[in-house]
Structures are given as C-alpha cells and as structure tokens.
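Enquirer: One structure is given below, represented as structure tokens, and several questions about it will come after.
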Amino acid sequence: MGTRLHLAAALHATGEEAFNARHWAELVREAEEAKLDFVTFDDSLGGRPGLDAVLTAARIAPLTTHVGLVPTAVVTHTEPFHLSKAIATLDHVSGGRAGVQLAVAPDPADARHFGRRSAGPESELWEEAADYAEVLRRLWDSWEDDAEIRDVATGRFIDREKLHHIDFEGRWFKVRGPSITPRPPQGHPLIAASEPLGDIVFADEVSASERLVFRDVEASTPIEELVAWHDEGFAGFRLHGDLRLITREVVPELRRRGLFRTEYEHTTLRGHLGLARPANQFA
C-alpha cells in the first residue's frame, strides 16, 4: 500500500443551477459520501455566473459534517478584515472545516465594477495577496483561544487582555485589529491559492516548500497518471468535471489500490490533510 493521497473536487454549476442552494448542497453531500477531503466553490466575481462563494459555503455548512468547504475569495477588491471574520464564522459554523482559496482580479472590468482602484499587473496583485494572507492569519490569532469568559455572575464576556491589536502596516493597507470574531476552531482555517501563500498551492509542478501541492486535473484523467504524479510528490488532486465520475469511478478505484480513505478519521479540514493546529502568535 502506498501513501494515501488527498482528493478535492472543484464544484461548478451553470444556468439556473448556479443560483440554486439546493443544487450546491446535493453536490457537497455527494462529495462527502465519497469521503473527499474538501470541495472548492467558484465566486461570481471571477467571471462565472452564480452566488457569492463564501455565502454558499456558509449555507451548506450546517447540512454536512465532515467534508472541507473552501470558497474562493477574490482579494483584489475586498478587505482582509471582512474576509477574516467571514471565514472564521464559517469555521465556527462548520465545526472546523473551513478554508479559503485566494484569487486575484487583473481584469480592468472588475476594477471598473468597484470604481475604487485600477487593476495593476498580476504579479503585483499576488504580492498584495501575500500581505492579505498574513493579515488573515494575524486577525485569526488576535483572539487567544480562551479569550471568551462568558461569566454571567460577573457580567464579563471576554478577557480584554487576551485580545490583541495586530498593527499590520504594508504597502496596500493598514489593519489594527483585533477581529470581532473569536479565534476559529482550527486556529487558522486552510489558505489555498495558485501561488505559494498558504497551506495548499494548486500547481502543475511539485515545489520544495512545505506546502501541500495539489494538481488540477480532469476527472477523466487515467488512474495510472494520478498514481504516477502522486509518486512524484503531489499530495493530492483537485478534480474538475463530472462529480459522479469522481465519486463512483475514480474514488472506488483509488480505494481499491489502498490510496484513498474508506472513512473520515478526523473532524476538521486540517485534520483530514495532516496539518497541525497552529499556535497563536500573540499568546
């Protein structure tokens, strides 16, 4: 038996289905029944018609119990403070299964939609995204794990000494903090991107970094190719295409070869991926 690989599914919908929460819920339930590590949701800001990805994940969270939920957030035109509390809330609602895929928006049409700034070179937007990821992590740490007291007798809800200003100042924004949302169950919800900014990088080559590298492939990719890429060092694959092909053909064959789980062994997304819960940098 080889080292087990990880599997995710990129969920897509077109037409009226893209605006139907029940359709998204059915897709995620099928992914969970197949014991996939996580699913990703595209965001309508990225040019694909549909619902807000983070809100869609929040709607699905109470209807599932194990599969990770990783919505896409286009960070070029959104504020890190708002996204940090939205993903922290998703982590609380899901019991520790939240993540976020950071994306950038170099298209001038997106910039005109907001009217706040012009779109810069894509390389510069990714530099901004790296700062964005750092602010997310600091805001999630701005509450210590035991900052909530909830002492009715004394009327104290939080220990103010365990809330911290993050005092981040970079080229693109300044954030003082702290967050208005308690520290997420995972400490840091998973951060993914097509650049090496967080816990997972979606790439076609295995890097020397400590990040988990997932390769984007079609669901119809031959199993032998997946096995060969896994042997090269890919931690796993994000599969695109027919979800039923993934859950009813790809997963059973990988499971037959001993390369994929038969049951969930953990309750959090970081647990599924073998990632430790980060220590609080301010504690």
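The values are calculated or read from the model by the stated rules, or taken from the named source; none is laboratory data. Small disclaimer: the values here were computed from a predicted structure and weren't measured. Cβ coordinates were reconstructed from backbone atoms using ideal geometry, including for glycine residues, and neighbour counts include every protein chain displayed. Ligands, DNA and RNA are excluded from the accessible area calculation, which covers all protein heavy atoms including side chains. Shrake-Rupley method; radii C 1.70, N 1.55, O 1.52, S 1.80 Å.
Enquirer: Looking only at segment 206-227, count every residue that is open to solvent by 30 Å² or more (accessible area, probe 1.4 Å) and either at pLDDT below 95 or polar (S, T, N, Q) (or both) and tell me the total.
Expert: So the count comes out to 7.
Enquirer: When both residues are 6+ apart or on different chains and their Cβ atoms are under 9 Å apart, which pairs have a first residue that lies in segment 259-281 and is of a type in the set (D, E, K, R), and a second that is surrounded by 14 or more Cβ atoms within 10 Å (Cβ to Cβ) and modelled with pLDDT under 95?
Expert: That search, which allows pairs on different chains as well, returns ARG261/ARG4.
Enquirer: While we're on this one: Looking only at segment 50-71, count how many residues are surrounded by fewer than 24 Cβ atoms within 10 Å (Cβ to Cβ) and closer than 20 Å to VAL104 by Cβ.
Expert: Number of matching residues: 3.
Enquirer: Restricting segment 257-269 to residues that are open to solvent by 20 Å² or more (accessible area, probe 1.4 Å) and either within 25 Å of ASP91 (Cα to Cα) or not basic (Lys, Arg) (or both), which is nearest to the chain's Cα centre (by Cα)?
Expert: Ranking the candidates gives THR268 first.
Enquirer: Separate question: Failed condition for LEU36, given (1) over 29 Å from GLU265 (Cβ atoms); (2) modelled with pLDDT of 95 or more, with all others met?
Expert: Checking LEU36 against (1) over 29 Å from GLU265 (Cβ atoms); (2) modelled with pLDDT of 95 or more, the one that fails is (1).
Enquirer: Hey, ALA153 hits all of (1) over 24 Å from THR76 (Cβ atoms); (2) open to solvent by less than 60 Å² (accessible area, probe 1.4 Å) but one; which does it fall short on?
Expert: Result: ALA153 passes all but (2).
Enquirer: Going through segment 134-150 one residue at a time, which ones are open to solvent by less than 20 Å² (accessible area, probe 1.4 Å) and in a strand (DSSP E or B)?
Expert: Across segment 134-150, the qualifying residue is only TRP143.
Enquirer: List the pairs whose first member sits in segment 231-250 and is closer than 21 Å to ALA13 by Cα and among the aromatic types (Phe, Trp, Tyr), whose second member is outside any helix (DSSP H, G or I) and open to solvent by 20 Å² or more (accessible area, probe 1.4 Å), and whose Cβ atoms are under 6 Å apart, counting only residues at least 6 apart or on separate chains?
Expert: PHE237/ARG215
Enquirer: Consider LEU254 carefully, then state whether it is over 21 Å from the mean Cα position of the chain (by Cα), part of a helix (DSSP H, G or I), hydrophobic (A, V, I, L, M, F, W, C) and over 30 Å from LEU139 (Cα atoms).
Expert: yes
Enquirer: I'd like to verify a number: residues in segment 74-102 that are modelled with pLDDT under 95 and either touching a Ser or Thr at 6+ places or on another chain (Cβ under 6 Å) or not in a loop (DSSP other than H, G, I, E, B) (or both), how many?
Expert: Residues flagged as modelled with pLDDT under 95 and either touching a Ser or Thr at 6+ places or on another chain (Cβ under 6 Å) or not in a loop (DSSP other than H, G, I, E, B) (or both) within segment 74-102 amount to 4.
Enquirer: Looking only at segment 257-283, which residues are under 30 Å from ASP167 (Cβ atoms) and in a loop (DSSP other than H, G, I, E, B)?
Expert: THR268, LEU275, ALA276, ARG277, PRO278, ALA279, ASN280, GLN281, PHE282, ALA283
Enquirer: From the list ALA192, ALA283, pick out the single residue that is farther than 29 Å from GLU26 by Cβ and either among the aliphatic types (A, V, I, L, M) or surrounded by fewer than 20 Cβ atoms within 10 Å (Cβ to Cβ) (or both).
Expert: Going through ALA192, ALA283 in turn, just one is farther than 29 Å from GLU26 by Cβ and either among the aliphatic types (A, V, I, L, M) or surrounded by fewer than 20 Cβ atoms within 10 Å (Cβ to Cβ) (or both): ALA283.
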